[in-house]
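A.B. asks: Mind looking over this structure? Questions follow.
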Amino acid sequence: MVTRDSGRGMRTQPRRAPGSPPPLARLTFEALLDMLLEAQAIEEVTRRDLLSKRDTLRARFLRDRFGPSGLKRKDYTVSPTELVDTARLPHPDAPGRTIDEDILAQLLAQATNSPYKKIDPLELDMALITKALPKGFARRHVMLPLAQRGNTLTVAIADPFDTAALEEFSRATGQEVAAVVASKKDIVNIINNVYGFRQAVSGAAADVNAGAKLQNLEQLVRVRSSDEIDPGDQKIVAAVEYLLNAAFDNRASDIHIEPKRDQSKLRLRIDGILHDIGEIPAAVHPAFVARIKILARMDIAEKRRPQDGRIKTQRGEREIELRVSSLPVAFGEKVVIRIFDPQVLLADVVDLGFTQKERETYEGWITQPNGLVLVTGPTGSGKTTTLYSTMKYLAKPGVNIVTVEDPIEMVYEPLNQVAVQTRIDVTFAKALRTILRQDPDIIMVGEIRDAETSVMTVQSALTGHLVFSTLHTNDTAASVSRMLDLGVEPFLLGSVLTGILAQRLVRKVCQECATEVFLTQEQIAALGIPVEPGEKRKLPVKRGEGCVRCRNTGLYGRTGIFEMLDVSPKIRRMVADKSDAKEIGKVAQLDGMVPLRQGAIRKLAQGVTTYQEVFRVTADTDL
C-alpha cells in the first residue's frame, strides 16, 4: 500500500476531472514541459524549442556526466528532469538561478500531492538502505529508502507517477510505503555512494577474512567519481574512493577515520563542525588505512609512530590536495585527511570577510617593502587561508616569494616552498638562514614555535624583507607578549612589527532561507550593547529557517572576523618598553582597533551570522 509521508492514505496522482486524459504511468518529457508551461515557468515557444532539441540535450547531459565516452553509455536512461536541467532554463522568480532538478522535483511533488524531500546524505541510515532495497531495483526505479517507522518505510522516488514500482515494492516487502519526491541527481548519487561503499566494505571484510594480500595495491593517479568506479575493482580501493567522493560532495574540510573496539567511526568536518557519516568493521580498518597510506606514500609497515603524507587528486577541472596524518591510538591507527581546495585556500583577499576599512588596512601592511606581519588565532581559525590568499595577491613575475612550512599545506607553483624536516635537521630557523641567501623579496614562515625561529624571523624582517608568520595566541596584543617570551629583544620587535591580525571563522546564515528576527533583551545585555535603564530595544538580525541548500541547519559556508592591530608609533614605543598586553590592547582600541567580539557583533548586525555563532567563536576573547 502506498501512503502519504504522514502515514495516511494519499493519491499519488491528483483526481481527474471528467473527460480529462488518463493519468501518467511514467513521467514524460512532454508532460514535464506541460507542467512548466502551466506553472508559467516557460512559454510555448520555449516548449516547442526544447522538444526539437531533445536529442541534443540528451547528448549534452551524457557528455557532461560521463565525459567524452558518455554518448556510448547504453545503461543509463536520461530522465525528463535531467533533460530540462541540462537546458539551463532561467528561473522566472530568481534572477541568476536556473530551473534545476531540485526545483523540478518540487514541481512534481506539487503536481502529485506528494511531500518533497531534499535528501541530506549525513542523515541516512546506510544499513537500512542496503537491507530494505536491492541495488538493482533502486537504480532501475530511482528509489531510495530513507527511514523506518513501525511497518511504514519512507521511500524517496524521482518519478512519483511510477506508482507501479511503489506498489511492487510494497508487496515484496509486506510494508506500507510512504512516498516522498526527491531529485534524481540526489538519489542516484546516494545509490552509487551508499550501495557502492557498503558492498566495497563487505567485500573488503571478506577479503580480509580470506587472507587477501592488500598491500600490493596500485598507486592511485586520480580519484574517480562514483559513476566511474567499477564494481569489479578491489573492494578497499572502491571503498576509499567512495569516502573521498562523499567528502568532496559535502564540502568537507576534514575526514576522520577513528578506530574503536568493534568498528571504526567515519566523520566529516563541514563548516567547522564534525558529523558522523557511518562505520566500517574493525577487521576492515587496517586495510582501509593501508590503502590511504599507499596513496599518501607513507610507510604501511610502520604502525607504531605517527606519520604524515599527501595525496594530489582531481575534482572536475581543479586539482585538490589532501594532507594525511596517522596517529596510533588504543584500537589502531587514527587517520585524518585534511582537504585543501584551491578555490578556498587561494581565495581573493576581498573574499576573506574583511570590511572595506579592514581590507584597506591589511593591503597597506602587505604592500610595505619590509616589516613583519603576524596572523594569529587557534587551530581552525583560517590562518592558512589568509596567508595563502595573501601570497597569491603578492605573487607577481618580478617578486621572489619563499615559504618555509611544516608541512607544506598546498603546493602553489608561483611560490618557492620549503618543507621543514626535523629528521635531517632542517628546522624553521635553519631554513630561514639559507633562505636569506636566496635573494627573497617576501618570506612566509609557517609558524613561530620556538625562540630560535622567532629571533630568525625578526632578523629576516630587519634585513629588509617583508615577512609573514603565524602564532597561536587568542588576540593581537597577546602576540606581542608571546614574541617577547620567546626571547625577541623588545626594541627589535618594536622596530619591525607592521601589523598583527587575529581572526576566527563564523558560520554564515543561509541566504536561501534567511528571515528577520529580533534579539531578546537578555541577548542584547549579553552582547554588551548599552541600554538605558528601563529601555527596551528591538535589534533586528537574521536567522536561517532551514532549507534544502543548508540541509535544514540555517547555516551555509563560513567567513572571517578580524581584530587588526596597526602598529602606530605609540604602539611601537610600548612594545619597545615591554608594556603589558592589556595596556597595548587598550591603547590600540583607543586608536580605532575593533576587538574580535565587536567584529563578530558587526557581522551579526549585518545579517551575516547568528547570535549563537558570535558566542561560539569568541568565547575565549574579551569585549
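The values are calculated or read from the model by the stated rules, or taken from the named source; none is laboratory data. None of the values given here were measured: they were computed from a predicted structure. Glycine also receives a Cβ, built like all others from the backbone with ideal geometry; neighbour counts cover every protein chain displayed.
A.B. asks: Just one of Val336, Val324, Val344, Val373 is outside any loop (DSSP other than H, G, I, E, B), touching a Phe, Trp or Tyr at 6+ places or on another chain (Cβ under 6 Å) and in contact (Cβ under 8 Å) with a residue 12 or more places away in the chain; which is it?
C.D. replies: Working: Val336 fails: touching a Phe, Trp or Tyr at 6+ places or on another chain (Cβ under 6 Å); Val324 fails: touching a Phe, Trp or Tyr at 6+ places or on another chain (Cβ under 6 Å); Val344 fails: touching a Phe, Trp or Tyr at 6+ places or on another chain (Cβ under 6 Å).
Of Val336, Val324, Val344, Val373, the one residue that is outside any loop (DSSP other than H, G, I, E, B), touching a Phe, Trp or Tyr at 6+ places or on another chain (Cβ under 6 Å) and in contact (Cβ under 8 Å) with a residue 12 or more places away in the chain is Val373.
A.B. asks: OK, next. I'm trying to understand the selection: among the residues of region 354-375, which are touching a helix residue (DSSP H, G or I) at 6+ places or on another chain (Cβ under 8 Å), farther than 24 Å from Phe491 by Cα and either surrounded by fewer than 17 Cβ atoms within 10 Å (Cβ to Cβ) or at pLDDT below 90 (or both)?
C.D. replies: Within region 354-375, Thr355, Arg359, Glu363 meet the criteria.
A.B. asks: Counting only residues that are under 12 Å from Ser326 (Cβ atoms) and either without any contact (Cβ under 8 Å) to a residue 24 or more places away in the chain or assigned to a loop (DSSP other than H, G, I, E, B) (or both), how many does region 258-310 have?
C.D. replies: Of the residues in region 258-310, 11 are under 12 Å from Ser326 (Cβ atoms) and either without any contact (Cβ under 8 Å) to a residue 24 or more places away in the chain or assigned to a loop (DSSP other than H, G, I, E, B) (or both).
A.B. asks: Can you confirm whether region 183-196 contains a residue that is crowded, with 20+ Cβ neighbours inside 10 Å, under 23 Å from Asn113 (Cβ atoms), of a type in the set (A, V, I, L, M) and at pLDDT 85 or above?
C.D. replies: yes
A.B. asks: Also, I was wondering about something else. Which ones in region 143-172 are in contact with a strand residue (DSSP E or B) (Cβ under 8 Å, 6 or more places away or on another chain), among the small types (Gly, Ala, Ser) and part of a helix (DSSP H, G or I)?
C.D. replies: The answer is Ala165, Ser170.
A.B. asks: Considering region 391-424 alone, what residues qualify as being under 21 Å from the mean Cα position of the chain (by Cα) and not charged (D, E, K, R)?
C.D. replies: Ile408, Met410, Val411, Tyr412
A.B. asks: Show me the helices (runs of 4 or more DSSP H) found entirely inside region 524-605 where at least 2 residues are free of Cβ contacts under 8 Å to residues at least 12 places away in the same chain. Talk me through it step by step, then tell me what you get.
C.D. replies: Numbers: elements: 569-576, 581-590, 596-605.
Per the criteria, 581-590.
A.B. asks: Further question: Residues in region 546-560 that are under 18 Å from Val614 (Cβ atoms), hydrophobic (A, V, I, L, M, F, W, C) and surrounded by fewer than 20 Cβ atoms within 10 Å (Cβ to Cβ): how many?
C.D. replies: Adding up the residues that qualify gives 0.
A.B. asks: Can you tell me which residue in region 455-497 is surrounded by the fewest Cβ atoms within 10 Å (Cβ to Cβ), limited to those that are under 26 Å from Ile561 (Cβ atoms) and small (Gly, Ala, Ser)?
C.D. replies: Ser481
A.B. asks: Same structure again: Only residues that are modelled with pLDDT under 90 and small (Gly, Ala, Ser): list them for region 157-178, please.
C.D. replies: Ala164, Ala165, Ser170, Ala172, Gly174, Ala178, listed by residue number.
A.B. asks: Considering only residues that are more than 32 Å from the chain's Cα centre (by Cα) and either outside the structural domain of Gln459 (by TED's automatic domain parsing) or surrounded by 12 or more Cβ atoms within 10 Å (Cβ to Cβ) (or both), which ones fall in region 428-437?
C.D. replies: Step one: list which residues in region 428-437 are more than 32 Å from the chain's Cα centre (by Cα), which gives 429-437.
Passing the criteria: Ala429, Lys430, Ala431, Leu432, Arg433, Thr434, Ile435, Leu436.
A.B. asks: Could you go through region 404-422 and let me know if any residue there is in contact (Cβ under 8 Å) with a residue 40 or more places away in the chain, of a type in the set (Asp, Glu) and surrounded by fewer than 19 Cβ atoms within 10 Å (Cβ to Cβ).
C.D. replies: There is no residue in region 404-422 that is in contact (Cβ under 8 Å) with a residue 40 or more places away in the chain, of a type in the set (Asp, Glu) and surrounded by fewer than 19 Cβ atoms within 10 Å (Cβ to Cβ).
A.B. asks: Just checking, does region 397-413 include any residue being in a helix (DSSP H, G or I), in contact with a helix residue (DSSP H, G or I) (Cβ under 9 Å, 6 or more places away or on another chain) and among the aliphatic types (A, V, I, L, M)?
C.D. replies: No, region 397-413 contains no residue that is in a helix (DSSP H, G or I), in contact with a helix residue (DSSP H, G or I) (Cβ under 9 Å, 6 or more places away or on another chain) and among the aliphatic types (A, V, I, L, M).
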